[in-house]
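For reference, the structure discussed in these notes is given below.
The values are calculated or read from the model by the stated rules, or taken from the named source; none is laboratory data. Please read all numbers here as calculations on a predicted model, not as lab measurements. In this analysis, Cβ positions are derived from the backbone assuming ideal geometry, glycine residues included, and neighbour counts consider all displayed protein chains. SASA here: full protein model, heavy atoms, side chains in, ligands and nucleic acids out. Shrake-Rupley method; radii C 1.70, N 1.55, O 1.52, S 1.80 Å.
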Amino acid sequence: MDTLISMFFDLSARTKYRITGVDRLRFLNGQITNDLRRSSAASAMQASVLNVKGKLNAHVYIRETGEGFFIDADAALRESLSARLERYIIADDVQLEDVTVEWSLFHLLVEAQVDLPNEWSVTAANRFGQSGWDIWVESSAHQSAVQQLSERLSFCNEDCAERLRIEQGVPRWGHELTEEIIPVEANLEAQAIDYAKGCYIGQEVISRMKMSGQTNKRLCGLTSVAGAPLRVQMRLSPENDEKDVGVITSTTESRRLEKYIALGYVKRGFNSIGTRLRARAGSEPVATQVQIVTLPFT
């Protein structure tokens with residue numbers, strides 16, 4: 001197969017499940033925010049799994065196969081996500097199988113043409129705020145796949161991937177995505193929510209937010225105005241007020257932008273583009289000035 005790529009990521013540590021059974025489509029569609037009826041083998045679909053209050057249990061990618069669906073999620077969700085899904089398998093003909101150790105998962109970004117083995121499973125996916133390709137191979141071929149990919153393109157390690165996803169404004173589980181967050185607050189509606197689909201767990205909350213057009217807080221991009229480093233868990237307040245209006249969730253020094261940037265949640269009324277806030281860690285006497293900017297940064 002020919003495709004266009006410039007770097008690759010090893011995402012094999014992510015949690016992976018296979019869902020099979022006659023009722024798999026109906027069951028899974030009742031658990032996620034997106035409409036699985038629009039899925040295909042050619043493209044991985046993003047979706048969120050919620051609790052009854054509309055808050056996140058997981059953010060997942062779903063790939064259709066001829067016999068079922070593959071789901072992948074953050075590695076930290078391996079036990080909790082399976083328990084969450086199995087809780088609602090009652091009289092359904094659905095089998096949920098943990099295949100984390102059986103499959104390796106790589107992601108490729110587009111720029112230069114390269115040949116890929118025909119036996120590799122290739123699926124379009126948007127994981128870093130831009131179009132890319134997921135590559136699924138059996139774990140027994142992991143080292144061989146790494147070697148073949150490394151001969152053709154650059155490897156983006158964990159630090160590289162973290163910097164890129166922050167620059168692209170992509171939320172991550174354990175940082176921007178937690179069980180206290182509603183997916184709309186994390187800017188996931190465009191990629192992961194279908195407002196027209198049938199019912200699913202947590203839909204009532206999502207629908208109310210859609211009708212009101214308001215969220216209590218929103219994930220924002222922040223830049224350090226004077227060039228001072230930013231740190232996770234810095235609290236945000238208005239320039240002339242001590243009121244707590246937000247928190248920084250991820251930070252990096254962007255080489256492309258040549259500045260310190262961050263992602264963070266800012267409350268409604270204080271999260272307009274161009275707004276300047278003060279960021280302070282704990283009882284630090286001096287605050288760092290930050291400005292809200294448009295996402296993605298690059």
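Some notes on this structure:
- Close Cβ contacts (under 6 Å, 6 or more residues apart or on different chains) running from residues in segment 75-86 that are in contact (Cβ under 8 Å) with a residue 24 or more places away in the chain to residues that are aliphatic (A, V, I, L, M) and crowded, with 18+ Cβ neighbours inside 10 Å comprise 77/58; 81/58; 81/73; 85/96.
- Some residue of segment 33-42 being surrounded by 19 or more Cβ atoms within 10 Å (Cβ to Cβ), within 23 Å of residue 162 (Cβ to Cβ) and within 22 Å of the chain's Cα centre (by Cα): no
- Test: residue in segment 58-65 that is of a type in the set (Lys, Arg) and either under 24 Å from residue 128 (Cα atoms) or touching a Ser or Thr at 6+ places or on another chain (Cβ under 8 Å) (or both): yes
- Restricting the search to strands (runs of 3 or more DSSP E) fully inside segment 255-298 and requiring at least 3 residues that are in contact with a strand residue (DSSP E or B) (Cβ under 6 Å, 6 or more places away or on another chain), buried (at least 19 other Cβ atoms within 10 Å of the Cβ) and of a type outside the set (Val, Ile, Thr) gives 259-267, 276-280.
- Segment 54-92 - residue that is assigned to a loop (DSSP other than H, G, I, E, B) and under 20 Å from the mean Cα position of the chain (by Cα) and, of those, surrounded by the most Cβ atoms within 10 Å (Cβ to Cβ): 54
- Considering 111, 119, the condition of being farther than 24 Å from residue 184 by Cβ, touching a strand residue (DSSP E or B) at 6+ places or on another chain (Cβ under 6 Å) and charged (D, E, K, R) is satisfied by 111 alone.
- Under the condition of being under 23 Å from the mean Cα position of the chain (by Cα) and among the acidic types (Asp, Glu), the residues counted in segment 234-273 number 1.
- Scanning segment 214-253 for residues that are open to solvent by 20 Å² or more (accessible area, probe 1.4 Å), over 14 Å from residue 288 (Cα atoms) and part of a strand (DSSP E or B) yields 217, 218, 252, 253.
- Hey, residue 106 within 20 Å of residue 131 (Cα to Cα) and either in a helix (DSSP H, G or I) or modelled with pLDDT of 95 or more (or both) or not: yes
- Identity of the residue in segment 65-91, acidic (Asp, Glu) and at pLDDT 95 or above, that ends up nearest to residue 44 (Cα to Cα): 72
- Once segment 93-104 is narrowed to residues that are of a type in the set (S, T, N, Q) and farther than 22 Å from residue 177 by Cα, the residue that is farthest from the chain's Cα centre (by Cα) is 95.
- Selection count, segment 152-168, where residues are assigned to a loop (DSSP other than H, G, I, E, B) and either without any contact (Cβ under 8 Å) to a residue 60 or more places away in the chain or touching a strand residue (DSSP E or B) at 6+ places or on another chain (Cβ under 6 Å) (or both): 4
- Hey, residue 140 at pLDDT 95 or above, open to solvent by 60 Å² or more (accessible area, probe 1.4 Å), hydroxyl-bearing (Ser, Thr, Tyr) and more than 19 Å from residue 298 (Cα to Cα) or not: yes
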